[in-house]
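Chemist: Mind looking over this structure? Questions follow.
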Amino acid sequence: MARLSARQIALGALRTWRRERRFADSVISRSFAKTDLTKSDRAFALELFYGVLRNLTLLDFWIGCVRASRIDVDLRDILRLGLYQLFFLETAQHAAVFETVALAPKKQRGAINGLLRAAGRRREELLSRGNAQPLFVRTSHPQFLVTRWQQHFGDKNAEALCKWNNLPPPVYGRINRLKIDPENFVQLYPSSRVLAGNPDFVEFDDLSTKALDSGHSYIQDPSTVLACQFLDPKPGEKILDACAAPGGKTGYIAEVMQDHGTIMACDRDLERLETLKHNVTRLGAGIIHPVGHDWTRDRLPKEIAFVAPFDRILVDAPCSNTGVMRRRVDVRWRLTQADFKRMQTRQLEIVRAALPLLKANGVLVYSTCSLEPEENEHVVRRILAEISSLRLEAERYSLPFRDGFDGAYAAKLVQSA
Ligand SMILES: C[S@@+](CC[C@H](N)C(=O)[O-])C[C@H]1O[C@@H](n2cnc3c(N)ncnc32)[C@H](O)[C@@H]1O
C-alpha cells in the first residue's frame, strides 16, 4: 500500500477526474483502495476533493485575480486545493501554504508559494469580489443550468438550490422494519435520530457500519419515499420494479409488502444488479427476483413474461440527477443542455416497453431524481397523450429549497379496466 498524505490523494484524484472524466465517487474510492489512510485523513481527503469540485468556478475566478497569465492545468489543481483550504476550510495560512507548496514539483514551488501568500494577504478583497459575482460564479454551477432554474423556480429559489448543492449532505438511513422496529433501532444506534414527520428514517451523526451490515438500515434520502408512497404496494401483489438497481426502492417496497408477494427487479446494468442482490439479502427481503434486462433493446425475459401482468409497476428512470447534485458532486460538470431531451427519449422508451405489462386497474409510478420538466411532466404528458386508457392520479416534486430533502419527481398513473 502506498503511503500518501490526504492532500496528495486529493490532488491525484482531481487530476484523474480531470483527465479521465470518470465519476468522482469512483475516482476517489479507487484512490482510497490503493492507500492506507486513517479515518480522519480519509475524511480530510474527501473534504478537499469534493470541496474543490463543488467550488471550481469560484476557485478559478480567484486564481484569475492573483495570476493574470495562463497557468498549467496541473499547477491550477494545486492552487485550487490551496485556495480551498485558505478560503473555505480556514486552515491556518502557514500550514495551508506550506503543505500545498510541497505538492508541487521543486521548480514550481516558488511560484505556488508566491501566489498562495498573495491570495492570503488579499483574503478579504478576494472574498468580497467573489460575493459580487453572478450566481453561477459565486456558487460554481454551469451558467445554462442556473439560467433555466431561475426561469423555472424564480431567482430566490434558484439561489437557494445552488447553495444547497454546495452543502455536504447529511447521512440519512431508512429503518428496515423487516428486521427491527424504530424504538429498538434508536436504542441500538444512539448516534441516529428519527426524523420528525418521517418515523421510517433516521439521520446518522456518526454512520454505524453495524447498522448497515446487519440490514437494520439502508442509506437512503427521505425524498425516495415519494415514489413508493404513490406506488402503494400491498402484501401479496405482483410488482415490477423496472429500473431497480442498486435496490433502494426495491427494499422499501418489499418492507411495505411485509415481504409477502413478488417483486421482479430489473436493471440493464449487471454490476449494479449484483449490488442489488447483496443489498436485498442484507435487508432480509426474500420476495425480490433480480433480472438483467434492457427495456430499450432486449426481448422480454421469460421470468418476467411468466409473472406478468403486474398489479403495480415502478419506473424509477435513469435521469440527469439534477435533484441530487449535493450528493453527486460532479454531475454539474458533466451535463449539457442537450442531455434533458436525450434522457427524455430514453425515459419514454422504457415506460412504453414496461406499460403493456400492467394489469387493468393497475398503477404505474414514474419517478426520477431530476428537477427538469423535460424528464418529468413532459414524459408523463407524452405517455398520457399516447395511451388513452391511462389517467394521471397524482404528481409531485420534492424540492430541496421547499421540502429540505433531495430533489425528486413522481407521477401516479392508473390504467382503466
Ligand atoms: C435511478 S436508477 C434506479 C435507482 C433504484 N430504483 C433505487 O432506488 O436504488 C436508474 C437505473 O436504471 C437503469 N437503466 C438505465 N437504462 C435502462 C434500460 N434501458 N433498461 C433497464 N434499466 C436501465 C440504470 O442501470 C440504473 O440502475
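Chemist: How do H293, H216, H278 rank when sorted from fewest to most other Cβ atoms within 10 Å of their own Cβ?
Modeler: H278, H293, H216
Chemist: Now for a separate question. Do you know the relative contact order of the stretch 336-417, to the nearest whole percent, from alpha carbon pairs under 8 angstrom that are 6+ apart?
Modeler: Computed over the stretch 336-417, the figure is 36 percent.
Chemist: Continuing with the same structure: Would you order T322, T262 from fewest to most other beta-carbon atoms within 10 Å of each residue's own beta-carbon?
Modeler: Sorted ascending by nearby Cβ count, the order is T262, T322.
Chemist: Excluding same-chain residues fewer than 8 positions from K234, which lysines have a Cα within less than 20 Å of its Cα?
Modeler: Reachable lysines: K179, K249, K359, K412.
Chemist: HN-Hα J couplings of the stretch 23-29 from phi, Karplus 6.51/-1.76/1.60, θ = phi - 60°, integer Hz, Gly and Pro as x?
Modeler: Whole-Hz 3J(HN,Hα) from phi for the stretch 23-29: 4, 4, 4, 6, 4, 6, 5.
Chemist: Angle check, please: helix 73-84 long axis (alpha carbons) against the longest principal axis of the chain (alpha carbons), in degrees 0 to 90, nearest 10.
Modeler: Once rounded, the angle reads 90 degrees.
Chemist: For Cα pairs less than 8 Å apart in space and 6+ apart in sequence, what is the mean separation divided by the residue count of the stretch 6-140, i.e. the relative contact order in percent?
Modeler: Result for the stretch 6-140 is 27 percent.
Chemist: Would you look at the GNM of the chain, springs on alpha carbons closer than 10 Å, and say which of L358, L390, L188 moves the most?
Modeler: Comparing L358, L390, L188 in the GNM, the peak value goes to L188.
Chemist: Let me check against my output: what whole-number percent is the relative contact order of the chain, with C-alpha pairs under 8 Å and at least 6 apart?
Modeler: RCO, the chain: 12 percent.
Chemist: Taking a ≥ b ≥ c as the square roots of the Cα gyration tensor eigenvalues, with a/c under 1.5 meaning rounded and otherwise prolate when a/b beats b/c, else oblate, which class fits the stretch 143-262?
Modeler: oblate
Chemist: With 10 angstrom as the radius, rank E349, E99, E90 by how many other C-beta atoms surround their C-beta, starting from the fewest.
Modeler: Listed from fewest to most nearby Cβ atoms, that is E90, E349, E99.
Chemist: Provide the net charge surrounding K179, with neighbours chosen by a C-beta distance below 10 Å and charges set as Lys +1, Arg +1, Asp -1, Glu -1.
Modeler: So the environment of K179 carries a net charge of 0.
Chemist: The stretch 200-227 to the stretch 283-303: how many Å between their Cα centroids?
Modeler: Taking the Cα centre of the stretch 283-303 as reference, the centre of the stretch 200-227 is 25 Å away.
Chemist: From the C-alpha coordinates alone, can you work out the Kirkwood hydrodynamic radius of the stretch 271-417, in Å?
Modeler: The answer is 16.7 Å.
Chemist: Give, rounded to the nearest 20 debye, the magnitude of the charge dipole that the stretch 6-140 has about its Cα centre when Lys and Arg contribute +1 at Cβ and Asp and Glu contribute -1 at Cβ.
Modeler: It comes to approximately 360 debye.
Chemist: Now a separate question. Specify the residue with the greatest mean-square fluctuation among I387, I288, I63, computed from a Gaussian network of the chain linking alpha-carbon atoms under 10 Å apart.
Modeler: I387
Chemist: Quick one: which of 241-253, 64-76 comes out on top by average Cβ neighbours within 10 Å, and what's the full order, highest first?
Modeler: Final packing ranking: 241-253, 64-76.
Chemist: Using a Cα-Cα cut-off of under 28 Å, which lysines could be cross-linked to K39, ignoring same-chain neighbours fewer than 8 residues away?
Modeler: Partners within reach: K163, K210.
Chemist: Once you wrap a convex hull around the alpha carbon atoms of the chain, what is its projected area averaged over all directions, in nm²?
Modeler: Numbers: hull surface 87.7 nm².
For the chain, averaging the hull's shadow over all directions gives 21.9 nm².
Chemist: Give the Cα extents of the stretch 332-417 along the principal axes, in whole Å, largest first.
Modeler: 44, 28, 18
Chemist: Report, in whole Å, the centroid distance computed from the Cα atoms of the stretch 75-109 and the stretch 4-54.
Modeler: 16 Å
Chemist: What residue among T250, G173, A33 has its Cα farthest toward the positive end of the dipole of the chain, where the charges are +1 on Lys, Arg and -1 on Asp, Glu, each on the Cβ?
Modeler: Working it through, the farthest residue towards the positive pole turns out to be A33.
Chemist: Can I ask one more? Around C228, under 14 Å between beta carbons, what's the net of Lys plus Arg minus Asp minus Glu among the other residues?
Modeler: Here the charged neighbours net out to 0.
Chemist: Residue-wise, which Karplus ³J(HN,Hα) couplings in Hz belong to the stretch 32-39, taking 6.51 cos²θ - 1.76 cosθ + 1.60, θ = phi - 60°, and x for glycine or proline?
Modeler: Each residue's phi maps through the Karplus curve to give 5, 5, 8, 10, 10, 9, 6, 4 Hz.
Chemist: Please list, in order along the stretch 124-133, the HN-Hα scalar couplings obtained from phi with the Karplus expression 6.51 cos²θ - 1.76 cosθ + 1.60 (θ = phi - 60°), rounded to whole Hz, x for Gly and Pro.
Modeler: Going residue by residue, I get 4, 5, 5, 4, 6, 5, x, 5, 8, 6 Hz, with x marking Gly and Pro.
Taken together, the values in this text are just the output of simple stated rules run on the coordinates, not laboratory data. Remember, predicted model here, so these are calculated numbers, not experimental data. A quick note on method: Cβ atoms are made from the backbone with ideal geometry, for glycine too, and the neighbour counts reach across all protein chains shown.
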